[in-house]
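Down below is the structure, laid out as structure tokens.
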Amino acid sequence: MGGESFFTGLIVACAILTIAFVVLCLLFVRLQKKLARFMSGKDGMSLEAMLEWLTRRVAELDERLDDHQKGLIHIDSRVKRSVRGYSLIRYDAYGSGGTQSFSSALLDEHGDGYILSVVAGRTHTGVYAKQLTAGTADASLTTEETEALAQAKKQIS
């Protein structure tokens, strides 16, 4: 009796193990199919080939990004030195009834630039330029030049 129950238990255990083995084999085959599908990638490209392509593409984009960054730094430095504030004040310098004289201020982002004044009369025309550094002139300014400078400064504030 004791030997028969042991033998029966052994057969039941073997049957359970066989069923478990068959189920695991089926699961393994399904997993292999899923892995093969995953690894095949788009248009038959393997996952490894796709990763290599992506790595090369990222390196190319990094290189382009560096080039664009250098270009932007160059453009930014040029823009900061370009005319950002300007004005033109016309006036009658000699009271002759016309506004042929003018003062014009041209400033970059830092307030550097110049004021150009043209004083026109019937027999004489004078052209004057005054250097500006950080919005301050290197010489005294006339009323019209001061007004031109103030208008140009408003544009860069």
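Just so it is clear, none of the values below were taken in a lab; they were calculated from the coordinates. Not measured: the values here are computed from a predicted model. Cβ: placed from backbone, ideal geometry, glycine included. Neighbour counts: every protein chain shown.
Taken as entire DSSP H runs, the helices of the chain that both span 30 Å or more between Cα atoms along their own long axis and average -0.5 or more on the Kyte-Doolittle scale are 2-40. Applying 0.36 nm per residue to the separation of Ser96 and Glu63 and subtracting their alpha-carbon distance, the gain on full extension is 5.4 nm. The structure shown yields log10 I(q)/I(0) by the Debye sum over Cα atoms at q = 0.11, 0.20 Å⁻¹, and of the options [x] -0.42, -1.42; [y] -0.71, -1.14; [z] -0.54, -1.21 that calculated value carries the label [y]. Summing +1 for each Lys or Arg and -1 for each Asp or Glu, what net charge is found among the other residues whose Cβ lies under 10 Å from the Cβ of Val83? Value of the local net charge: 0. Listed by chain and number, the lysines placed with their C-alpha closer than 26 angstrom to that of Lys70 are Lys80; residues fewer than eight positions away on the same chain are left out.
Among 21-34, 108-121, sorting by the average number of other beta carbon atoms lying within 10 angstrom of each residue, highest first, gives 108-121, 21-34. For the range 85-156, the relative contact order is 34 percent, taking Cα pairs closer than 8 Å that sit 6 or more residues apart in sequence and dividing their mean separation by the residue count. With contacts taken as Cα pairs under 8 Å at a separation of at least 6 residues, the chain carries a relative contact order of 16 percent.
Taking a Cβ cut-off of under 15 Å around Leu27, the surrounding Lys, Arg, Asp and Glu residues balance to a net charge of +3, with basic ones at +1 and acidic ones at -1.
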